[in-house]
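Colleague: Can you keep this structure in mind? I'll have questions shortly.
The numbers here are math on the coordinates, done by the rules we state, and not lab data. Predicted, not measured: the structure shown is a model, and the values here were computed from it. FYI the Cβ positions are ideal-geometry reconstructions off the backbone, even for glycines, and counts take in every protein chain you see.
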Amino acid sequence: MLVKNPKFSLAFTHPRTIRSGEPYSATVTVLNTSQTVANLVSITLAAASLSGGVLESPETVQFDTIQPGQTATATFRIRSQRTGSISFSNLTTGDDSVQGRFRLSMGIDERGVALSPDTIGMPDYVNALPTGVLDGAIRVLGQALSVATAPQLPPGVKPVASSIVTRRVLELAEAGQRLRYGDGTNRVLADLLLDWQGGRVFNDGFDQILRATDAGREFRDVVMEAQEAADNLDGTGRLAERAADLAGRGESWAIASANDSQIDLSLSQGSALAGLDKSDIVQGLGYRGQRGHWLTASTLNSQLATLNFHWQVNGTVAQAELAALLITTNGTARQWRWSVPNPPPGACYVFNAADPTGGLQADTNCDGTVDAS
């Protein structure tokens, strides 16, 4: 019996538009055009062959069997390092057993918004920012620009005005300028995170990007990472150090902290929740760190009695240092701080922002029943 080598047709699919920092999927669909079963077929995209992108998935995708007339699709995840439109000029196959074609699909972000191919021009001062912070900011701004220029938005995606994109770029430049002139890194970054949360100019759509997207989470994570690289403090120690400066902004904020990454931090407002990764609360954002966390929320349009900060101990912690900073628009602030030695794993602690005594409620098994305060 004579068995000939199988023949294939390949279809390459790639987004028409990409943005720097934005991950996307590129696919290769293999059609077995022969009458022969194809066994152990593999598709390889060598990471070293990529220009302008970083491969985030394995280089090789293998299929055990592709029957005659059947297809299989290999998907590769790539994070773009450039912004622009993709064009296709030529596809060359190695021999006559393979035929190929190239398809360009619409480039969209993680929420389904059509990506803008436009590059955002920024003042040189932004280059003084920590590299991770700038890269994270560029991805968020790219999503904001895409929302601002998209002809139609998916359901649930709130609009962003082009003027807000400009405003956030200027706030980045101000932060970079301060760093270049010698201002302290953590002083600058603490101001930047509140600026981007709408401390000076608020926009609901931009706030949604920071709260609900992977791009927003990455930005918040790298801001905290840069702060930890600039000092030896934990989250609570850093909040205490920055308290006077933050109060001097003259804005209404409630900021809570924890000193250990084993302590989860969240905020509840009625049925809405804000955690370290995502948030349902407008202007309520978490900042996850290796040496503790921050959670910040605007109190400008909120009743303090509706805001409850929650700490949950998820592992062994020798000493839990918890804090809450309540700032008003007249430049004054009140800080509460609690030290809990050897908190039991699984214990929960709650602070209501309207409690004038600064009482911390303890729920040692986190069952919803207060055991001590």
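Colleague: If you split all Cα-Cα distances of segment 109-231 into 5 Å bins from zero, what percentages do you get per bin, shortest first?
Modeller: P(r) over segment 109-231, rounded to whole percents: 2, 12, 23, 25, 20, 11, 5, 2, 0.
Colleague: Quick check: Cα centre of segment 106-128 to Cα centre of segment 165-240, how many Å?
Modeller: Going from one Cα centre to the other spans 18 Å.
Colleague: Further question on the same structure: Expressed in nm to one decimal, what extension gain is obtained for the pair A272 and V370 from 0.36 nm per residue of sequence separation less their Cα-Cα distance?
Modeller: Numbers: separation 98, 0.36 × 98 = 35.28 nm, distance 2.11 nm.
Taking 0.36 nm per residue and subtracting the Cα distance, the gain is 33.2 nm.
Colleague: Whole angstrom only: what separates the Cα centroid of segment 276-302 from the Cα centroid of segment 25-86?
Modeller: 39
Colleague: To the nearest 0.05, how large is the calculated FRET efficiency for S339 and N232 if R₀ is 30 Å and r is the Cβ-Cβ distance? The partial results should precede the final answer.
Modeller: On the way: r = 19 Å, r/R0 = 0.64.
The computed FRET efficiency comes out at 0.95.
Colleague: Okay, moving on. Dividing the convex hull volume of the Cα atoms of the chain by its residue count, what figure in Å³ per residue is obtained? Working shown, then result.
Modeller: Details: hull volume 67.9 nm³, N = 373.
Enclosed volume per residue, from the Cα hull, is 182 Å³.
Colleague: Suppose we keep just the DSSP beta bridges with both residues in the chain; what percent of those would be antiparallel, to 5? Please list the in-between numbers first.
Modeller: Numbers: 72 of 80 bridges.
Antiparallel: roughly 90 percent of the beta bridges in the chain.
Colleague: Looking only at segment 198-232, which residues have a backbone nitrogen under 17 Å from a spot 7 Å from the Cα of D118 in the C-beta direction?
Modeller: Once the point is set 7 Å along Cα→Cβ of D118, 206 turn out to lie under 17 Å by backbone N, inside segment 198-232.
Colleague: Also, quick follow-up: Using 0.36 nm per residue of separation minus the Cα-Cα distance, give me the extension gain between T131 and Q67 in nm, one decimal.
Modeller: Numbers: separation 64, 0.36 × 64 = 23.04 nm, distance 4.86 nm.
Gain in length upon complete extension: 18.2 nm.
Colleague: When the Kirkwood hydrodynamic radius is evaluated over all pairs of different C-alpha atoms of segment 197-295, what value in angstrom, to one decimal, is obtained?
Modeller: Values: mean 1/r = 0.0723 Å⁻¹.
One over the average 1/r among Cα pairs gives 13.8 Å for segment 197-295.
Colleague: Also: Could you tell me what % of all Cα pairs in segment 234-373 have separations over 17 Å?
Modeller: Numbers: 5418 of 9730 pairs.
That tail contains 56 percent of the Cα-Cα pairs.
Colleague: Please state the Cα pair-distance histogram of segment 10-91 with 10 angstrom bins from zero: what percent is in each bin?
Modeller: 17, 44, 27, 11, 1
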